[in-house]
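Each value in this text was obtained by applying a stated rule to the coordinates, not by laboratory testing. Being a predicted model, the structure only gives us computed values, none of them experimental. Counting neighbours? That spans all protein chains shown, and the Cβs are built from the backbone with ideal geometry, glycine included.
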Amino acid sequence: MSKQEIGERLYLDDLTVGQRFVSGTYKIEAAEIKEFAGKYDPQPFHLDEAAAKDSFFGELVASGWHTAAISMKLLVTGGPPLAGGAIGLGGEISWPRPTRPGDVLRVECEVLGITPSRSRPERGTVIFRMQTRNQRDEIVQSFTGKMIVPKRP
């Protein structure tokens, strides 16, 4: 049984470049897309099927920020179980395809780099590539970011 399976948190010392993690899945529904958009991204193609038909997308689609929020939930609940939590330092995000009602999302996460801190020896930074994919294995979000990860005490 792996450390992740028995619920142990991962420290900087436990991570290796190339290590991969895959989250569970999440199905997004039209009502949820509209609710999120109504609160945070009130554009017609996120709010109404009829209005969305005349948009760039031609159909109702989720806000990229909604996809990002779902991806964060999947990362926290099923990605690398980082000691201290998922503490981000920034990164680059893209949405190469829209998220549609009925899509089933998952996050695939890969460790790209590990750098122990010189000034803070109790921690370091890890660069992760996190790709959110739908049920057709299409990437709907790609995020490459840095996270602070503590060293094992």
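Cβ neighbours within 10 Å, averaged per peptide: list 92-104, 64-76 in order, most packed at the top.
64-76, 92-104
Extending each Cα 7 Å along its Cβ direction at Ala86 and Val17, get the distance between those two points in nm, one decimal.
So the two model labels end up 2.4 nm from each other.
Would you compute, from DSSP H runs of 4+ residues alone, the mean residue ellipticity of the chain at 222 nm, taking -39500 (n - 2.57) per run and dividing by the full residue count, rounded to the nearest 500?
Mean residue ellipticity, 222 nm, calculated: -6500 deg cm²/dmol.
By count of other Cβ within 10 Å, fewest leading, how are Phe57, Phe21 ordered?
Result, fewest neighbours first: Phe57, Phe21.
Rounded to the nearest 10 degrees, what's the angle between the helix 64-78 long axis and the longest principal axis of the chain, both from Cα atoms, 0 to 90?
Tilt relative to the chain: about 40 degrees.
Can you work out ³J(HN,Hα) from phi for every residue in the range 86-91, in order, using Karplus 6.51 cos²θ - 1.76 cosθ + 1.60 and θ = phi - 60°, giving whole Hz and x for Gly and Pro?
8, 9, x, 10, x, x
Given H placed 1.01 Å from N in the peptide plane, which residues other than close sequence neighbours of Leu105 have an amide H under 5 Å from its amide H?
Excluding prolines and chain starts, which carry no amide H, the hits are Tyr26, Lys27, Ile28.
Find the lysine pairs in the chain meeting two conditions, Cα atoms under 30 Å apart and a separation of 8 or more places or different chains, and report how many there are.
Counting lysine pairs in the chain gives 16.
Name the residues whose placed amide hydrogens come within less than 5 Å of the amide hydrogen of Gly124, ignoring near sequence neighbours (fewer than 5 apart) on the same chain.
Residues meeting the criterion, in which the H sits 1.01 Å from N, are Ser117, Val149, Lys151.
Quick one: which residues, 5+ away or cross-chain, put their amide H under 5 Å from the amide H of Leu10? H built at 1.01 Å from N.
Leu82, Ala83
Can you tell me the length gained on complete extension of the stretch Phe56 to Arg120, counting 0.36 nm per residue apart and subtracting the Cα distance?
Additional length available on full extension: 18.3 nm.
Report ³J(HN,Hα) in whole Hz for each residue of the range 125-130, in order, from the Karplus equation J = 6.51 cos²θ - 1.76 cosθ + 1.60 where θ = phi - 60°; Gly and Pro get x.
Per-residue couplings from phi come out as 10, 10, 9, 10, 10, 10 Hz.
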